Amino acid sequence: MPSQILIRPAVPADYDAIARITRDAYLAAGYFDDADHPYMLQIQNVAQRAADATIWVAERDGTILGSVTLAVEGEPYADIALSDELEFRMLVVDPSVQRSGAGKAMVQAILDHARTLPGIHAVALTTGVSWESAHGLYRKTGFVRTPERDWLVPGTDIKLLVYRQEL
């Protein structure tokens with residue numbers, strides 16, 4: 001039986017693994033054609049992201065399996081968060097261990113954390129139109145599509161879908 005998945009705040013020693021997993025997960029899912037896309041370069045700059053947002057990792061037996069970025073309204077990484085929502089972004093699991101429970105464990109930890117935050121009554125997220133495995137995870141963990149909040153990435157024709165869960 002595999003050992004427990006630990007969800008914890010990222011530390012600088014995790015940043016290289018987070019960048020690699022983020023890159024590999026986005027490329028494996030076909031979100032981008034290459035790692036040199038400007039957005040791909042931005043999300044691989046984990047130190048900068050950590051300076052502006054909260055990053056957690058999923059770890060098993062000392063190995064980083066995935067990561068997620070958390071934000072509330074008004075923070076640099078909050079795209080859609082309303083005043084009563086915790087938003088999460090860039091939830092990624094290493095393609096070599098996807099379907100191992102790491103994604104679900106991170107989502108559950110986010111929901112548990114959000115319930116402890118004053119004034120937070122829901123969790124929201126954005127995902128790509130064609131990201132079927134992500135949609136499945138979010139539906140299974142109780143998120144509901146909120147189509148009236150879908151939006152286009154500025155300067156592109158990339159539509160992003162919004163999911164939300166009341167706490």
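The values are calculated or read from the model by the stated rules, or taken from the named source; none is laboratory data. For clarity, every value in this text was computed on a predicted model and none was experimentally measured. Backbone-built Cβ (ideal geometry, glycine too); neighbour counts: all protein chains shown. Each accessible area value is taken on the protein alone, full model and side chains, heavy atoms only, with ligands, DNA and RNA left out. Shrake-Rupley method; radii C 1.70, N 1.55, O 1.52, S 1.80 Å.
No other residue among 55, 21, 64, 7 is open to solvent by less than 50 Å² (accessible area, probe 1.4 Å) and either modelled with pLDDT under 90 or part of a helix (DSSP H, G or I) (or both) apart from 21.
Within segment 67-108, how many residues turn out to be of a type outside the set (Val, Ile, Thr) and in a loop (DSSP other than H, G, I, E, B)? Residues flagged as of a type outside the set (Val, Ile, Thr) and in a loop (DSSP other than H, G, I, E, B) within segment 67-108 amount to 16. Cβ-Cβ contacts under 8 Å between residues 6 or more apart (or on different chains), taken from a first residue in segment 28-47 that is under 26 Å from residue 11 (Cα atoms) to a second residue that is surrounded by fewer than 10 Cβ atoms within 10 Å (Cβ to Cβ), are listed as 40/34; 47/12.
Taking the options 18, 5, name whichever one is under 13 Å from the mean Cα position of the chain (by Cα) and hydrophobic (A, V, I, L, M, F, W, C).
18
Figure legend. Inter-residue proximity from segment 138-167: first residues among the β-branched types (Val, Ile, Thr), second residues surrounded by 15 or more Cβ atoms within 10 Å (Cβ to Cβ) and assigned to a loop (DSSP other than H, G, I, E, B), beta-carbon distance below 7 Å, spacing 6+ or different chains. Indicated pairs: 162/80; 162/146.
For segment 110-141, the set of residues classified as touching a Phe, Trp or Tyr at 6+ places or on another chain (Cβ under 7 Å) and part of a helix (DSSP H, G or I) consists of 110, 138, listed by residue number. Checking each residue in segment 142-152 for being modelled with pLDDT of 95 or more, of a type outside the set (Phe, Trp, Tyr) and either surrounded by 12 or more Cβ atoms within 10 Å (Cβ to Cβ) or part of a strand (DSSP E or B) (or both) picks out 142, 144, 145, 146, 149, 150.
Residue pairs whose Cβ atoms lie under 9 Å apart, separated by 6 or more positions or on different chains, with the first residue in segment 68-94 and at positive phi and the second open to solvent by 20 Å² or more (accessible area, probe 1.4 Å) and modelled with pLDDT of 95 or more, are 74/83.
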